[in-house]
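Chemist: I have a structure here, written as structure tokens, and I will follow up with some questions on it.
The values are calculated or read from the model by the stated rules, or taken from the named source; none is laboratory data. Just so it is clear, the model here is predicted, and its values are computed rather than measured. Don't worry about glycine lacking a Cβ; one is built from the backbone with ideal geometry, like all the others, and counts go over all protein chains shown.
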Amino acid sequence: MLGRSVMGAALDNNDPFYPFRKLNSFLSSADITFSNLENPITENCKRHVGGFTFCTTPEIAKGLKFAGIDVVTLANNHSENYGKEGLEETKSQLTTLGIKSVGYGNLEKFQKNEIKFGFLGFNYTFNTTNLGNDLKVIKDSDSKVDILIVGPHWGDEYKSIANNFQVKAAHSMIDSGADVVIGHHPHWVQNFEEINGKPVYYSLGNFIFDQMWSEETKKGLIVKMTFDTPEGEADVKLVKREEFKTYISKIGQPEIVEQNISD
């Protein structure tokens with residue numbers, strides 16, 4: 001989230017790249033970097049401190065490109081804080097930056113080292129009844145890529161354990177063809193699960209945010225995954241999974257504090 005006090009910190013430091021200063025080299029080192037973007041990007045954005053209407057300016061949004069982010073999901077409860085017009089402007093601003101976006105029924109594809117990756121985003125903060133249609137999108141998308149990564153915006157805020165809907169939906173997404181599920185919205189890091197050998201992160205917590213009022217809301221998780229086709233096999237597989245715990249010690253500026261590797 002690059003609005004509210006995060007944008008204020010960037011302005012105070014006269015540095016649009018301020019939120020990413022401690023992580024841009026790390027994020028840029030990946031072949032593909034995927035993130036949830038929790039605010040519109042609009043020329044009409046004014047500096048603001050409180051409230052739940054988020055936005056950032058095109059100048060501050062340049063930090064996304066600086067950090068090497070390749071694709072974002074706009075499927076969340078704040079992307080339309082400036083209405084449909086604001087959402088369209090956000091998509092346009094991202095295109096100008098060379099960043100793809102998902103979350104409005106579209107599949108975005110990348111090809112790296114002969115492996116085809118696909119990304120989808122879905123929002124369940126307002127309505128969970130559209131899951132059935134989303135599963136059809138996942139099933140259709142699965143046939144077009146080798147690795148399908150799904151980013152659902154879901155769950156209960158400020159809870160460390162996924163709720164029943166998240167668990168049910170994750171199983172259905174994996175059954176429909178998702179290879180990785182990366183969730184967000186609760187503002188806390190939530191539990192991890194493997195479903196049929198496929199990783200499900202129910203919530204990565206906060207990455208760039210301004211919720212400095214508790215320890216849990218200052219914590220986040222970056223997941224780095226390596227995919228390859230093992231010798232003698234036909235299918236692409238996840239061969240390495242790394243977790244990097246982040247912590248926001250200064251408003252809107254996270255840093256890595258711990259690394260875990262799971263082969």
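Chemist: Within the stretch 181-207, which residues are farther than 23 Å from residue 239 by Cα and in contact with a strand residue (DSSP E or B) (Cβ under 6 Å, 6 or more places away or on another chain)?
Modeler: 184, 185, 188, 189, 205, 206, 207
Chemist: Output the residues belonging to the stretch 89-103 that are under 19 Å from the mean Cα position of the chain (by Cα) and either in a helix (DSSP H, G or I) or surrounded by 14 or more Cβ atoms within 10 Å (Cβ to Cβ) (or both). Explain how you work it out, then say what you get.
Modeler: As a first pass, look at the stretch 89-103 and keep what is under 19 Å from the mean Cα position of the chain (by Cα): 90-95, 97-103.
Result: 90, 91, 92, 93, 94, 95, 97, 99, 100, 101, 102, 103.
Chemist: Moving to a separate point now. Would you point out the residue of the stretch 41-75, among those that are hydroxyl-bearing (Ser, Thr, Tyr) and over 15 Å from the mean Cα position of the chain (by Cα), that is surrounded by the most Cβ atoms within 10 Å (Cβ to Cβ)? Quick ask: steps written out before the conclusion?
Modeler: Of the stretch 41-75, the ones hydroxyl-bearing (Ser, Thr, Tyr) are 42, 53, 56-57, 73.
If we keep only those that are over 15 Å from the mean Cα position of the chain (by Cα) too, we end up with 42, 53, 56-57.
Details: 42: 23, 53: 14, 56: 27, 57: 21.
Per the criteria, the residue is 56.
Chemist: Any residue in the stretch 127-156 that's under 18 Å from residue 101 (Cβ atoms) and modelled with pLDDT of 95 or more: show its pairings with residues that are surrounded by fewer than 23 Cβ atoms within 10 Å (Cβ to Cβ) and of a type in the set (Asp, Glu) at Cβ separation under 8 Å, as long as the two are six or more apart or on different chains.
Modeler: Pairs found: 148/142.
Chemist: Within the stretch 225-241, which residues are hydroxyl-bearing (Ser, Thr, Tyr) and part of a strand (DSSP E or B)?
Modeler: Keep residues of the stretch 225-241 that are hydroxyl-bearing (Ser, Thr, Tyr), which gives 226, 229.
Result: 226, single match.
Chemist: Restricting to the stretch 29-55, what's the tally of residues that are of a type in the set (A, V, I, L, M, F, W, C) and free of Cβ contacts under 8 Å to residues at least 40 places away in the same chain? Walk me through it before giving the result.
Modeler: Going residue by residue through the stretch 29-55, those that are of a type in the set (A, V, I, L, M, F, W, C) are 30, 32, 34, 37, 41, 45, 49, 52, 54-55.
Narrowing further to those that are free of Cβ contacts under 8 Å to residues at least 40 places away in the same chain: 52.
Total satisfying the criteria: 1.
Chemist: Here's a follow-up. Considering only residues that are in contact with a Ser or Thr (Cβ under 6 Å, 6 or more places away or on another chain) and surrounded by 14 or more Cβ atoms within 10 Å (Cβ to Cβ), look in the stretch 225-243 and name the one that is farthest from residue 34 (Cα to Cα). Don't jump to the end; show me each part of the working.
Modeler: First, pick out the residues of the stretch 225-243 that are in contact with a Ser or Thr (Cβ under 6 Å, 6 or more places away or on another chain): 236, 239-241.
Filter once more, so that each one left must be surrounded by 14 or more Cβ atoms within 10 Å (Cβ to Cβ): 236, 241.
On the way: 236: 19, 241: 15 Å.
Checking each candidate, the answer is 236.
Chemist: Among the residues of the stretch 162-188, how many are in contact (Cβ under 8 Å) with a residue 40 or more places away in the chain and of a type in the set (A, V, I, L, M)?
Modeler: Total meeting the criteria: 5.
Chemist: Checking residue 195 against (1) farther than 25 Å from residue 101 by Cα; (2) of a type outside the set (D, E, K, R); (3) surrounded by 17 or more Cβ atoms within 10 Å (Cβ to Cβ), which test does it fail?
Modeler: All conditions are met except number (3).
Chemist: Still on this structure, please answer the following. Mind checking which strands (runs of 3 or more DSSP E) fall wholly inside the stretch 174-224 and carry at least 3 residues that are more than 19 Å from residue 74 (Cα to Cα)? Can you show your working first?
Modeler: Working: elements: 180-182, 192-195, 198-201.
Per the criteria, 192-195, 198-201.
Chemist: Right, here's the next one. Take residue 136 and decide whether it is assigned to a helix (DSSP H, G or I), within 21 Å of residue 200 (Cβ to Cβ) and more than 19 Å from the chain's Cα centre (by Cα). Before the answer, list the steps.
Modeler: Details: assigned to a helix (DSSP H, G or I): yes; within 21 Å of residue 200 (Cβ to Cβ): yes; more than 19 Å from the chain's Cα centre (by Cα): yes.
Criteria met by residue 136.
Chemist: Please count how many residues of the stretch 244-254 are in a strand (DSSP E or B) and in contact with a Ser or Thr (Cβ under 7 Å, 6 or more places away or on another chain). Walk me through how you get there before you give the answer.
Modeler: Just the residues of the stretch 244-254 that are in a strand (DSSP E or B), to begin with: 244-250, 253-254.
Pick out the ones that are also in contact with a Ser or Thr (Cβ under 7 Å, 6 or more places away or on another chain) and you get 254.
Number satisfying all stated conditions: 1.
Chemist: Return the residue satisfying two criteria in turn: it lies in the stretch 157-173 and is part of a loop (DSSP other than H, G, I, E, B) and either charged (D, E, K, R) or at pLDDT below 95 (or both), and of such residues it is surrounded by the most Cβ atoms within 10 Å (Cβ to Cβ).
Modeler: Taking the stretch 157-173 first, the residues part of a loop (DSSP other than H, G, I, E, B) are 157-163.
When the remaining residues are screened for being either charged (D, E, K, R) or at pLDDT below 95 (or both), the result is 157, 159.
On the way: 157: 11, 159: 16.
Restricting to residues being part of a loop (DSSP other than H, G, I, E, B) and either charged (D, E, K, R) or at pLDDT below 95 (or both), the top hit is 159.
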